[in-house]
Amino acid sequence: MNTDNGFEEEVQRYLLAELGVALHVPSLWEVASSETGTLAAYADAAFFAPAEYGYRSSVVFSRELLVPSNPEQFEELIEGVLAAMQDSPGIEIIGSGRASQNSMPAWILRYRRTRAGHPHNYEQLLVLVVTDMMRGTMLHIDASTISPLAERHLPLLMRILNSLEPARTSPE
């Protein structure tokens, strides 16, 4: 464990070989994976913060295929997701942008979601990362917190996402 990589707390490096990536997550966060059998059907790996306000901030990873596997298809996927989000009731888009995460093409969308009967807004990040353009493998990442935790947890969620690197890197 270490406290470098821009984190203020101790972190653990996780190698998610089946997803083609490694990342750093705060040590107090719980990991769920196909190995632990505690995942939702759509997820391949997830990390959960300790509960606050009855909610656990999270980062959830799902492996997806980009078909056909080319940059144009990635752009079409981004446009489709953005259009769907813009047309969704209860969703306020805060910003979006393209990036390169350790040489992997990426797109990030920050949005706020309201849900009837819930006392707080959800503050969310949706990230698409192409882990291997030749094979068409990519990650769909959902990072989520609630408004009372946003000031503290959104920067933490970004640090987790910024620590993402190809799995080819050997563990420290």
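Things to note:
- Per-peptide average of other Cβ atoms within 10 Å, ordering 66-74, 41-49 highest first: 41-49, 66-74
- Cα-based shape type of the range 70-116, given that a ≥ b ≥ c are square roots of the gyration tensor eigenvalues and the cut on a/c is 1.5: oblate
- Charge dipole (debye, nearest 20) of the range 39-158; +1 at Cβ of Lys and Arg, -1 at Cβ of Asp and Glu: 360
- The ranking of ILE160, ILE91 by Cβ neighbour count inside 10 Å, starting from the fewest, reads ILE91, ILE160.
- A simple spin-label model places the labels of GLN86 and VAL31 3.9 nm from each other, with each point 7 Å out along Cα-to-Cβ.
Any read-out appearing in this document is the output of simple, stated calculations on the displayed coordinates, not a laboratory observation. Treat the numbers as computed from the prediction; the structure is a model and nothing was measured. Backbone-built Cβ (ideal geometry, glycine too); neighbour counts: all protein chains shown.
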